[in-house]
Protein chains: 2
Amino acid sequence: METITVALGDRSYPIHIGPGLLDDSNLYGASARQMLIVTNEIVAPLYLDRVVAALRGRQVETLVLPDGERYKTLATFGTVLDRLIDANFHRDSCLVALGGGVVGDLTGYAAASFQRGVDFVQIPTTLLAQVDSSVGGKTAVNHPRAKNMIGAFHQPIAVLADTDTLKTLPTRELSAGLAEVIKYGVIVDAPFFAWLEQHMDALRALDGKALAHAIRRSCEIKAQIVAEDEREHGRRALLNLGHTFGHALEALGNYERWLHGEAVAIGTVLAARTSQALGWIDAATCERIEKLLALAGLPTHASGIDPDALLAGMRGDKKADKAGLKLILIKALGDATVTRAPPEATLRAVLAEQLA
Amino acid sequence: METITVALGDRSYPIHIGPGLLDDSNLYGASARQMLIVTNEIVAPLYLDRVVAALRGRQVETLVLPDGERYKTLATFGTVLDRLIDANFHRDSCLVALGGGVVGDLTGYAAASFQRGVDFVQIPTTLLAQVDSSVGGKTAVNHPRAKNMIGAFHQPIAVLADTDTLKTLPTRELSAGLAEVIKYGVIVDAPFFAWLEQHMDALRALDGKALAHAIRRSCEIKAQIVAEDEREHGRRALLNLGHTFGHALEALGNYERWLHGEAVAIGTVLAARTSQALGWIDAATCERIEKLLALAGLPTHASGIDPDALLAGMRGDKKADKAGLKLILIKALGDATVTRAPPEATLRAVLAEQLA
């Protein structure tokens, strides 16, 4: 097991990475007497009993939600709160999010809001959640017209990234998680990007050592950026590489055509090609990025998408503000930058070419 | 106009107190281009046009909610968010809460949650909101089975306590606000308590100078306590004098029999009598407190309440935790203290006597 720390003063917390962590009650870091484990119908049969067993000796309640992004709503959030109140949970209770990003974001927002904030522990069971959503304290539910519009910054007290849980993850979801892993290389760490080029096959074959390294390095990078800029006033925005494009694509695909990571992969290519059009990187760098994404089993192009519709969607993204569109673009491999209001004509030309 | 500052580092904000503040656009302290004013059907006809006029030159939207505590729900919270998203509000928007505690708590929680936190300005139009709920950053909505169970700590960027708005406040609500004003004297400021004994008639007659002093001193006391303990890990709990009793009474009265301040007044007497039963204060001090509350037009006793039901309600209060009931009791006038698990027999005896 490896442990890294997200350094946020009195809100600092450990991320434990390795096999078989679920069963180690010491890792949960919770002194609370009352614990509610929130999970979903896919994950519950696989891992819920083990988490319940690890928490033996306390009042442990469980809540199994239906699976899917479409349940990441204010209504489901309400059912978590109903359960906490029905079970007479007090202020010193703790929630445990056992599942992927939907369970983590929803449970985290419930923990942020119940009695104005109680503890929670993240047990991410997807690669995407292990390297991204369970690190950094962003919690939220979706609004019918926009993702993650309703939420809070609320840090967990511990994250248990049990690499064994990836054995039950569908291949397509493993690839979606790899999109975010590759992102870390592109934005700040060219050597990590090169390591990924060498080890992509091992990662897709679930090699334990390779997985642990990729998760650890991803979490380290995210943890460091979050520690510098918890509330995304500046540098944290780098983590959104490919996401403004990606969120708009997801919406145009009704959140069914692409998984989040797949949309981010396509968005990363669009960001790279925009950077190239601005003369910041060369075609060869774009092609390396595209090739690694493809090697990870990810789509790199979207067909049948109207550039105007995509641009309109991007303008409605919550990263936009009065200064106009804010994009993360690439100065060099391992060196991304926040770009305000990139030239409209350049953007349109790139979209017209890439979405053809 | 007087201005005091709630000192919370980079979340510090001013509270402006005085007549005619609504119209002064400089006091709003908001640079946001998009503003949503949330108010209710009672307050809107009185003051909404003036606030809209003060904010001229920006995108100003208004949302008029039905009046009453029963609309302080997750559903109404959802309608505020719907409105923000329908109007295409961005991250640099600002909400304005124009009304009493319900509007303030609900709007504050919406501001805390929209895009994980945007600015908001409080314009409290009741005495209760001016001296209590608009200071300190507690925002929330009610759960059907418990008040303020779902919320966030989120500080406003400015509070405008316009004393002119109290001219349109029903007498009963003015008295309810005075319960919290008296509370500040009881918990930490005996000279202020004595000043209130001298000036209660002037306050009830809406004497501008007396009102401004009472509001200023109340806000100063609350601001200082909040600055010391923003998230209520210790001293901030003193502000809950009478509230654990009061919340249980409100629930037993179906939130109809008593206003919040009225229940707090009765709860303050119960806290005083419990303190007396423990030998901490004498009967004369209890009587001074009761007399001042009565002079403010407040009830000091509840009849027809079952002590067991009240105790059960108190145990479900969110101030309770695994260490059992936590009550604020009185060591001397102006010196309250947090008391863990007071003797059950003493509490029962006091309730049996006082609720007879």
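The values are calculated or read from the model by the stated rules, or taken from the named source; none is laboratory data. Computed from a prediction, not measured in an experiment: that's the story for all the values here. Here the Cβ positions follow ideal geometry from the backbone for every residue, glycine too, while neighbour counts run over all protein chains shown. Heavy atoms of the whole protein, side chains included, go into the accessibility calculation; ligands, DNA and RNA do not. Shrake-Rupley method; radii C 1.70, N 1.55, O 1.52, S 1.80 Å.
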Straight-line reach from residue A:331: which aspartates and glutamates fall under 19 Å, measuring Cα to Cα and dropping same-chain residues less than 8 apart?
A:180, A:189, A:282, A:287, A:290, A:344
May I ask which of B:72/B:138; A:147/B:147; A:183/A:291; A:72/A:138 have a Cα-Cα span longer than 20 Å here?
A:147/B:147
Is there a simple number for the mean count of other chain Cβ atoms within 10 Å of the Cβ of residues in A:82-89, and what is it?
3
Can you list, shortest first and in nm, the gaps between the label point of residue A:331 and those of its counterparts in the other copies, using a point 7 Å from Cα in the C-beta direction?
5.8
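Using Cα-Cα distances under 8 Å and only pairs 6 or more residues apart, what relative contact order does the range B:1-119 have, in percent?
Relative contact order comes out at 26 percent.
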Taking a point 7 Å out from Cα toward Cβ as the label site, list the nm distances between residue A:7 and the same residue in every other copy, smallest first.
2.9
Of all the Cα-Cα pairs you can form in the protein assembly as shown, what percent are over 52 Å apart?
16
With the Cα gyration tensor of the range B:183-297 giving a ≥ b ≥ c as the square roots of its eigenvalues, does the rule (a/c under 1.5 for rounded; else a/b larger than b/c for prolate; else oblate) give rounded, prolate or oblate?
rounded
Based only on Cα atoms, what mean projected area does the convex hull of the range B:29-146 have, in nm²?
6.9
Whichever aspartates and glutamates have a C-alpha closer than 16 Å to that of residue B:167, once near sequence neighbours (fewer than 8 apart) are set aside
B:201, B:207
Ignoring ligands, DNA and RNA, the residues of the range B:109-137 whose accessible area with a 1.4 Å probe is reduced by 20 Å² or more relative to the chain alone are B:109, B:113, B:115, B:116
Can you list the copy-to-copy distances for residue A:190, using a point 7 angstrom from Cα toward Cβ, in nanometres, shortest first?
7.3
Using amide H atoms built in the peptide plane, which far-off residues or other-chain residues are under 5 Å from residue B:143 H to H?
B:148, B:149, B:150
Between helix A:171-188 and chain A: long-axis angle, C-alpha atoms, 0 to 90°, nearest 10:
60
What per residue convex hull volume, in Å³, comes out for chain B when only alpha-carbon positions are used?
118
Alpha-carbon centroids, the range A:1-34 and the range B:57-110: separation in whole Å:
37
Solvent-accessible surface (1.4 angstrom probe) belonging to residue A:308, in square angstrom, nearest 10
80
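When the dipole is taken about the Cα centre of the protein assembly as shown, and only Lys, Arg (+1) and Asp, Glu (-1) are charged at their Cβ, what size is it in debye, to the nearest 20? Please list the in-between numbers first.
Values: 72 positive and 82 negative charges, 51 e Å.
The dipole of the protein assembly as shown has a size of about 240 debye.
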Could you give the angle, 0 to 90 degrees to the nearest 10, between helix B:208-228's Cα long axis and the longest principal axis of the Cα atoms of chain B?
80
Chains A and B: what accessible area do they bury, summed, in square angstrom to the nearest 100, with a 1.4 Å probe?
3300
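Report D for the range B:147-194 in µm² per second (integer): Stokes-Einstein, Kirkwood Rh on Cα pairs, 37 °C, 0.692 mPa s. List each step's numbers first, then the result.
On the way: Rh = 13.6 Å.
Result for D is 241 µm²/s.
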Integer Hz, Karplus 6.51/-1.76/1.60 couplings in order for the range B:286-293, x for Gly and Pro
4, 5, 4, 5, 4, 5, 5, 4
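Nothing charged except the Cβ atoms of Lys and Arg (+1) and of Asp and Glu (-1): what's the magnitude of the dipole of the range A:1-155 about its Cα centre? Round to the nearest 20 debye.
It comes to approximately 380 debye.
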Candidates A:81, A:325, A:46, ranked by Gaussian network fluctuation over chain A, Cα under 10 Å, top entry
A:46
Using only the alpha carbons of the range B:108-198, what is the convex hull's orientation-averaged projected area in square nanometres?
7.4
Alpha-carbon Rg with Dmax, taken over the range B:132-257, Å
15.2, 41
At a 1.4 Å probe radius, which order do A:195, B:258, B:280 fall into by accessible area, largest first?
B:280, A:195, B:258
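Kindly report the accessible area of the range B:1-126 per residue (heavy atoms of protein chains, probe 1.4 Å, no ligands, DNA or RNA), in Å².
Working: 4540 Å² over 126 residues.
In whole numbers, the range B:1-126 has 36 Å² accessible per residue.
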Whole-percent carbon and sulfur contribution to the accessible surface of the range B:189-347 (1.4 Å, no ligands, DNA or RNA) stands at 50
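Treat every Asp and Glu Cβ in chain B as -1 and every Lys and Arg Cβ as +1, leave all other atoms uncharged, and give the resulting dipole magnitude about the Cα centre to the nearest 20 debye.
Around 640 debye, computed over chain B.
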Let me know the longest stretch in chain A that avoids all GluC sites (Glu not before Pro) found in a DSSP loop with at most 16 other C-beta atoms within 10 Å.
A:42-255
Quick one: how many Å² of residue A:301 are accessible to a 1.4 Å probe, rounded to 10?
90
Accessible surface of residue A:217 - all protein chains present, 1.4 Å probe, nearest 10 Å²
70
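Which shape class, rounded, prolate or oblate, goes with the range A:210-356 when its Cα gyration tensor gives a ≥ b ≥ c as root eigenvalues, a/c under 1.5 marks rounded, and past that a/b bigger than b/c marks prolate?
Values: a/c = 1.36, a/b = 1.19, b/c = 1.15.
Taking the square roots of the gyration eigenvalues as a ≥ b ≥ c, the range A:210-356 is rounded.
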So what J values fall out for the range B:23-32 if you push phi through Karplus, 6.51 cos²θ - 1.76 cosθ + 1.60 with θ = phi - 60°, rounded to Hz, Gly and Pro as x?
8, 8, 4, 5, 6, 5, x, 10, 9, 5
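Translational D (Stokes-Einstein, µm²/s) of the range B:250-295 at 10 °C and 1.306 mPa s when Rh comes from the Kirkwood sum over C-alpha pairs? Working shown, then result.
Values: Rh = 11.2 Å.
Translational diffusion coefficient: 141 µm²/s.
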If you count the DSSP beta bridges with both ends in chain A, what percent of them are antiparallel, to the nearest 5?
45
The answer for residue B:61, listing residues at least 5 apart or on another chain whose modeled amide H is closer than 5 Å to its amide H, is B:35, B:36, B:37
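Write down Rg/Rh for the range B:167-208, rounded to two decimals, with Rg from the C-alpha atoms and Rh from the Kirkwood relation over Cα pairs. Spell out each step's value before the answer.
Numbers: Rg = 10.6 Å, Rh = 10.7 Å.
Rg/Rh for the range B:167-208 comes to 0.99.
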For the range A:22-111, the percent of accessible surface on carbon and sulfur atoms (probe 1.4 angstrom, ligands and nucleic acids excluded) is 48
Relative to the longest principal Cα axis of chain A, at what angle does helix A:243-252 sit, 0 to 90 degrees, rounded to 10?
80
